[in-house]
Structure formats: C-alpha cells, structure tokens
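Since the structure comes first, as structure tokens, the remarks are kept for the end.
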Amino acid sequence: MLGDGAEVRPDVMAPQTVRLAMWIYGLPAALRSGGFGEFRRAMREGRELLDWPGDPAPVKAQWSALSEIAGVALRQRISLQAASTRDIEWNGPDKSR
C-alpha cells in the first residue's frame, strides 16, 4: 500500500480545526452561547486539519463546496447548516407536498 512512500502517522492529540467551518458555524454558535473566548482559543490553538504540506487542494476545495452549499441555501431559503446536510439527513416525510 505504501509503495516507496513513508507511512503517515497523524497527530491525533493536537487540537485541529477546519477553519472555514469554524468561522461559518462555530462563531455564530459561540456568540449565541457566550462561548466566544472558547472559540478564540480553539482558533488560536487548533491547526488547520485540511492543510497538508505540498497539497493545497483540500483547503482550496472548501471554497467551491461553500459556494455550492450557499447556492442551495439561497435557492431553497434554508440555513447554510441545513443546506450542508440536506442530502445526508432524513427528517421524516416532506410535509410541504
């Protein structure tokens, strides 16, 4: 499986974040709950989970994903969070039909 490459051993103990998601979902939640200090600490101490040396694609891909989710949210008049999970969750039959 590794071929000639070295084994990658992730650091599972260090705090990690997906910064774009933290700004979009974490900040509003922190402001609503009074946890802004905790949010700041998480942003300061956490490493970007998607930042892989020599591979900028995962970080860049967040922006196209956000664009797609925002488009769905605007078209369907739903929140970003609802749009981001609409294709993987089921909340019962659609009552609007």
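Could you list, in sequence order, the residues of the stretch 22-36 that are touching a residue at least 12 places away in the same chain (Cβ under 8 Å) and closer than 21 Å to K60 by Cβ?
Pass one, the stretch 22-36, residues touching a residue at least 12 places away in the same chain (Cβ under 8 Å): 22, 24-27.
Across the stretch 22-36, the qualifying residues are M22, I24, Y25, G26.
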Yes or no: the stretch 3-14 includes at least one residue that is under 19 Å from the mean Cα position of the chain (by Cα), closer than 24 Å to A83 by Cα, modelled with pLDDT under 90 and open to solvent by 50 Å² or more (accessible area, probe 1.4 Å).
no
What about S84, is it surrounded by 15 or more Cβ atoms within 10 Å (Cβ to Cβ), free of Cβ contacts under 8 Å to residues at least 40 places away in the same chain and out of contact with any Ser or Thr (no Cβ under 7 Å at 6 or more places or on another chain)?
yes
Considering only the stretch 68-82, I want to know if a residue exists there that is of a type in the set (G, A, S) and within 23 Å of P15 (Cβ to Cβ).
no
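Evaluate the stretch 59-68: report whether one residue or more is of a type in the set (S, T, N, Q), over 15 Å from the mean Cα position of the chain (by Cα) and at pLDDT 90 or above.
Looking only at the stretch 59-68, we keep the residues that are of a type in the set (S, T, N, Q), and these are 62, 64, 67.
Still in the list and also over 15 Å from the mean Cα position of the chain (by Cα): none.
Scanning the stretch 59-68 turns up no residue that is of a type in the set (S, T, N, Q), over 15 Å from the mean Cα position of the chain (by Cα) and at pLDDT 90 or above.
Looking at Q76, is it under 22 Å from I88 (Cα atoms) and open to solvent by less than 70 Å² (accessible area, probe 1.4 Å)?
no
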Would you confirm, using the coordinates I've provided, whether S64 is closer than 22 Å to P15 by Cα and polar (S, T, N, Q)?
no
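The values are calculated or read from the model by the stated rules, or taken from the named source; none is laboratory data. This structure is a prediction, so every number in the text was calculated from the model and none was measured. Cβ: placed from backbone, ideal geometry, glycine included. Neighbour counts: every protein chain shown. For accessibility, only protein heavy atoms count, side chains too; no ligands or nucleic acids. Shrake-Rupley method; radii C 1.70, N 1.55, O 1.52, S 1.80 Å.
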